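Notes for the one structure printed next.
Readers should treat all values here as calculations from the given coordinates under stated rules, not as data from a laboratory. Given the structure is predicted, the values throughout are model-derived calculations rather than measurements. No Cβ is skipped: glycine too gets one built from the backbone with ideal geometry, and neighbour counts run over all protein chains shown.
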Amino acid sequence: MELWYTEKHTLHSGITIKVKETLKTTTTPYQQLSIIDTQEFGKLMLLDGLVMLSEKDEFCYHEMLAHPPLYTHPLPEKVLIIGGGDGGTLREVVKHPCVKEVVLIEIDEEVINASKQFFPNIASGFSSPKAKVIVGDGIQYVKETKETYDIILIDSTDPVGPAEGLFSMDFYTSCYNLLNQEGILTVQSETPFIKSYAKIIGEVNKLFRNIFPIVNLYLTNIPTYPSGLWTFTMGSKVNHPIKNFQNNRFQADNMHLNYYNKSIHSAAFCLPNFIADLVK
Ligand code: SAM
């Protein structure tokens with residue numbers, strides 16, 4: 001008997017992946033959390049039945065959420081991650097020698113524990129002395145904290161449930177107010193190929209333009225995400241991702257990464273017409 005995991009991306013399309021073994025499935029106070037093992041993509045983490053990450057392609061997302069803002073800011077020392085309870089973005093951020101402190105706010109502690117148990121390579125960032133993990137609501141945190149940051153990364157689920165408020169003017173304005181003078185906010189902003197998500201790209205871009213002087217959309221490929229093409233929206237107070245690319249620090253860090261490099265950094269910001277039209 002064959003077992004297949006199917007995620008419907010729209011009423012009429014989706015992804016289906018053959019399952020080797022179901023390793024965990026539980027209902028947390030926030031969502032349904034499952035870990036499945038598959039032939040093609042290794043282990044997957046699902047939240048409310050949607051792919052959060054797979055061992056095979058997680059690097060495409062985590063490297064591209066972290067490194068473009070980190071190599072646009074002249075000297076990012078303090079970073080805030082909201083969401084990202086699997087630890088993948090945190091793992092990438094702590095690789096930067098100039099980063100002194102990373103605060104990660106994840107609302108669901110069971111996501112952190114499941115990642116440590118089933119994805120030790122992805123969760124490796126949790127053991128960094130630079131990392132400070134807070135279990136809580138990122139929306140509350142940005143309203144109440146007195147801390148300031150050079151970079152804020154929003155590694156959230158889609159705008160439903162606890163993540164809904166992470167796609168709002170209020171929230172982005174609170175983030176802006178926490179950023180230092182050369183601060184950068186970067187958020188995962190869904191895919192252009194699915195109508196409801198394409199709308200979010202335009203809305204997020206519009207909100208960012210009301211708050212930041214420099215706003216750019218950039219792309220990555222993630223085979224297990226809806227359509228496989230994903231966007232990030234970067235809002236910057238001073239530095240432009242192409243004009244102010246931190247080449248000296250990039251060369252000096254000499255990181256061996258699997259997706260990100262200097263050419264990808266600039267190519268990611270080149271948009272096909274149908275995507276550029278979404279943010280015109
Ligand atoms: N890469 C994934 C994506 O693009 O959908 C996101 C992965 S990460 C697992 C998303 C995390 O955001 C989840 O663990 C979820 O619990 C967390 N989250 C959702 N809303 C949140 C909130 N208001 N505050 C903090 N974390 C939140």
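Quick rundown of the values:
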| item | result |
| --- | --- |
| Cα gyration tensor shape for segment 74-146, rounded if a/c is under 1.5, else prolate or oblate | oblate |
| The chain: relative contact order as a whole-number percent, Cα under 8 Å and 6+ apart | 17 percent |
| Base-10 log of normalised Debye intensity for segment 168-280 (one unit scatterer per alpha-carbon) at q = 0.19, 0.20, 0.23 Å⁻¹ | -1.08, -1.16, -1.35 |
| Rounded if a/c under 1.5, otherwise prolate or oblate - segment 119-167, Cα gyration tensor axes | oblate |
| Centre separation in Å (Cα based) which lies between segment 148-180 and segment 26-64 | 22 Å |
| Largest-first principal axis extents, alpha carbons of segment 24-93, Å | 42, 30, 15 |
| Choice from Asn239, Asn258, Asn177 showing the highest fluctuation, given a GNM over the chain with Cα pairs closer than 10 Å | Asn258 |
| DSSP bridge orientation in the chain - percent antiparallel, rounded to nearest 5 | 65 percent |
| Sparse-neighbourhood loop sites, GluC sites (Glu not before Pro) in segment 65-104 - DSSP loop, at most 16 other Cβ within 10 angstrom | Glu77 |
| Compactness of segment 117-215 as Cα Rg over 2.2 N^0.38 Å, two decimals | 1.18 |
| Simple spin-label estimate for Thr25 and Asp253 in nanometres, 7 Å along Cα-Cβ | 3.9 nm |
| Highest-fluctuation residue, His12, His67, His96 considered, GNM on the chain with Cα pairs under 10 Å | His12 |
| Relative contact order (percent, whole number), segment 1-153, Cα cutoff 8 Å, 6+ residue spacing | 18 percent |
| Dipole-positive endmost among Pro74, Asn177, Leu153 within the chain (Cβ charges, Cα centre) | Pro74 |
| Cross-link partners of Lys95 among lysines (Cα-Cα below 18 Å; sequence separation of 8 or more within a chain) | Lys78, Lys130, Lys132, Lys262 |
| Share of pairwise Cα separations in segment 1-152, more than 27 Å, in percent | 27 percent |
| Local electrostatic count at Ser227 - Lys and Arg +1, Asp and Glu -1, tallied over other residues with Cβ under 14 Å | -2 |
| With Cα atoms, 0 to 90° folded angle of helix 58-70 axis to the chain main axis | 10 degrees |
| GNM flexibility winner over the chain from Leu50, Leu153, Leu185 (Cα, springs under 10 Å) | Leu50 |
| Hydrodynamic radius (Kirkwood) for the chain, which is based on Cα pairs only, to one decimal in Å | 18.9 Å |
| For segment 3-54, fraction of C-alpha pairs farther apart than 18 Å, in % | 27 percent |
